[in-house]
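**Student:** My questions all concern the structure below.
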Amino acid sequence: MPQSPRPRYGTYPPAARSIGLQIEVLNASTSHEIEAAFATLARSRPDALFVASDAFFIGRRVQIATLAARQAIPSVHSAREEVEAGGLMSYGTDNVDMWHRIGGYTGQILNGAKPADLPVLQSTKFEFLINLRTAKTLGIEVPNALQLLADEVIE
């Protein structure tokens with residue numbers, strides 16, 4: 001999927017080949033480049049699309065969901081907002097939990113803690129969402145067992 005040029009995804013193609021998959025990494029950092037990436041996807045007809053975790057892509061979630069639906073490409077995301085906009089599914093950090101943690105950090109700093117003395121925390125709570133409306137539009141039947149694993153199913 002289109003992704004911003006900041007992260008390095010050079011290990012993805014070899015890792016995919018090791019399990020019998022082929023992937024194509026496309027880059028986009030503007031709305032026009034997203035359109036161009038989807039033009040490339042229209043020609044290559046991928047089985048699925050993974051949208052990299054990136055604030056730019058979350059901001060362009062409606063554009064990406066619309067283009068993916070137009071080309072009937074199932075899309076996997078890392079943020080709830082992208083699935084709410086029409087992506088097929090997401091697995092990523094639970095934002096409510098993350099904001100609570102940020103609030104705790106902020107409270108500690110306001111009470112005199114030095115930011116450099118606070119530990120770096122990693123996300124420990126994740127959520128899995130499935131958009132059944134999108135699945136239906138794409139003609140995909142999501143197995144009940146997978147739906148039961150989801151934290152939320154959008155119907």
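None of the figures in this text is laboratory data; all of them are computed from the coordinates on show. This one's a predicted model, so the numbers in the text were calculated from it and none came from an experiment. Quick reminder, even Gly has a Cβ in these numbers, built from the backbone with ideal geometry, and neighbours come from all protein chains shown.
**Student:** Using the Karplus curve 6.51 cos²θ - 1.76 cosθ + 1.60 with θ = phi - 60°, work out ³J(HN,Hα) for each residue of segment 125-142 in order, rounded to whole Hz, and write x for Gly and Pro.
**Tutor:** Values per residue, Gly and Pro as x: 10, 10, 9, 10, 10, 10, 9, 5, 4, 5, 4, 4, 4, 7, x, 9, 9, 8 Hz.
**Student:** Going by alpha carbons, how many degrees (0 to 90, nearest 10) lie between the helix axis of 31-44 and the longest principal axis of the chain?
**Tutor:** Once rounded, one gets 40 degrees.
**Student:** Here's a follow-up. Name the longest site-free stretch of the chain, where the excluded sites are trypsin sites (Lys or Arg not before Pro) in a DSSP loop with no more than 16 other beta-carbon atoms within 10 Å.
**Tutor:** 9-124
**Student:** Given C-alpha coordinates of segment 5-155, what is the ratio Rg to Rh with the Kirkwood estimate of Rh?
**Tutor:** Taking Rh as the inverse mean 1/r over Cα pairs, Rg/Rh reads 1.04.
**Student:** Another question about this same structure. What do you get for the angle between helix 61-70 and the principal long axis of the chain? Use alpha-carbon atoms, 0 to 90 degrees, nearest ten.
**Tutor:** Around 20 degrees separate the two axes.
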